[in-house]
Amino acid sequence: MKKGNWIIYISTIFALAVAILFFFNWNPENLLRRADAPVTLKDIEQDQAKNYTGKEAGADIPRLSGAEDFADMMYRFGYATAEPVGIVSTGVYTLKPWVNPNESRRINGRMTVGKRKKEIITSILDMQEDYNQYYLLKLPDHTYILAQIPPNEAAALKKGKSVTLPIGQKTGLTNTARGYLTEICEEYGVAMNGVLYTFDDAWYDTYYYVLFFLRFGAAAIIFFAISVGFALFWEQILKKLKKSS
């Protein structure tokens, strides 16, 4: 293979690897979110029919200090937030509520409904597009609870940053999810009595495709910039080496 072809080949592979890593790790949510005022208990009392899950927590929203506080929460009733001191990835992912559970494809110009997507996956593929991960959150008293939290908050906690989670509610676990999570929950002494769910489903449903195309577009720009720049850089190096020889 000619040197020029080797340069193009290596540049493409390197740029593709960087673009893929960027696509799966960059989250542009903060670019789209409005800076709304934190929700307080007074706001909730004034409009109890509204769903406040996923909204920014005000200073008077109850903070979970430990697993016992979470055990006392009623399912789908009442709100709480938390300021975790640690996070553990379970590697178990559940289908996002705002994602169409049926796979669709175009056949002869018509969209058809295919097989139903899996409720739970443990694969690293597609984990950010259609699935949310279950996490174990370490609370201030060093006990753990199950939770599903937005990716930006999860990333910040993994870096050791202080985070106040969005407002959450206690939701249940399906038998399928329970089967996948039993081993790691037993390892960390986590009671499988519910999940702290902190996603604003309505917001994510609205911006689902926007988030995808922003990440895809940025990754594509990075791919072309690196592949072309890398190829030009090595081309100049080879020219200099050829002149000096």
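Can you pull out every residue in segment 204-218 that is surrounded by 15 or more Cβ atoms within 10 Å (Cβ to Cβ) and either more than 11 Å from Glu29 (Cβ to Cβ) or hydroxyl-bearing (Ser, Thr, Tyr) (or both)?
Tyr204, Tyr207, Tyr208, Ala218
Name every residue in segment 76-121 that is part of a loop (DSSP other than H, G, I, E, B), modelled with pLDDT under 90 and β-branched (Val, Ile, Thr), in order of residue number.
Within segment 76-121, just Val99 meets the criteria.
Take Ile8 and tell me if it is out of contact with any Lys or Arg (no Cβ under 8 Å at 6 or more places or on another chain), under 30 Å from Phe212 (Cβ atoms), at pLDDT below 85 and surrounded by 15 or more Cβ atoms within 10 Å (Cβ to Cβ).
Yes.
Taking segment 20-39 on its own, how many of its residues are among the aliphatic types (A, V, I, L, M) and surrounded by 14 or more Cβ atoms within 10 Å (Cβ to Cβ)?
1
Residue by residue through segment 201-224, note down the ones that are touching a helix residue (DSSP H, G or I) at 6+ places or on another chain (Cβ under 6 Å) and more than 15 Å from Asp130 (Cα to Cα).
Within segment 201-224, Ala219, Ile222, Phe223 meet the criteria.
Just one of the numbered conditions (1) of a type outside the set (A, V, I, L, M); (2) within 14 Å of the chain's Cα centre (by Cα); (3) not in a helix (DSSP H, G or I) is not true of Gln169; which one?
Only one criterion in (1) of a type outside the set (A, V, I, L, M); (2) within 14 Å of the chain's Cα centre (by Cα); (3) not in a helix (DSSP H, G or I) is unmet by Gln169, namely (2).
Counting only residues that are among the polar types (S, T, N, Q) and either on the phi > 0 side of the Ramachandran plot or assigned to a loop (DSSP other than H, G, I, E, B) (or both), which one in segment 40-52 is surrounded by the most Cβ atoms within 10 Å (Cβ to Cβ)?
Per the stated criteria, the residue is Thr40.
Go over the candidates Val99, Val88 one by one and state the one that is closer than 18 Å to Leu136 by Cα and under 23 Å from the mean Cα position of the chain (by Cα).
Result: Val88 is the single residue among Val99, Val88 that is closer than 18 Å to Leu136 by Cα and under 23 Å from the mean Cα position of the chain (by Cα).
Quick check on my filter: what residues within segment 138-165 are touching a Gly at 6+ places or on another chain (Cβ under 6 Å) and crowded, with 22+ Cβ neighbours inside 10 Å?
The one that is touching a Gly at 6+ places or on another chain (Cβ under 6 Å) and crowded, with 22+ Cβ neighbours inside 10 Å: Leu139.
May I ask you to verify whether Lys55 is touching a Pro at 6+ places or on another chain (Cβ under 8 Å), charged (D, E, K, R) and part of a loop (DSSP other than H, G, I, E, B)?
Spelling it out, Lys55 is indeed touching a Pro at 6+ places or on another chain (Cβ under 8 Å), charged (D, E, K, R) and part of a loop (DSSP other than H, G, I, E, B).
Only one of Leu211, Leu137, Leu146, Leu165 is more than 21 Å from Arg33 (Cβ to Cβ) and touching a Pro at 6+ places or on another chain (Cβ under 8 Å); which?
Leu137
The values are calculated or read from the model by the stated rules, or taken from the named source; none is laboratory data. Note that this is a predicted model, so its numbers are computed, not measured. Every residue, glycine as well, gets a Cβ built from its backbone with ideal geometry; the counts of neighbours run over all protein chains shown.
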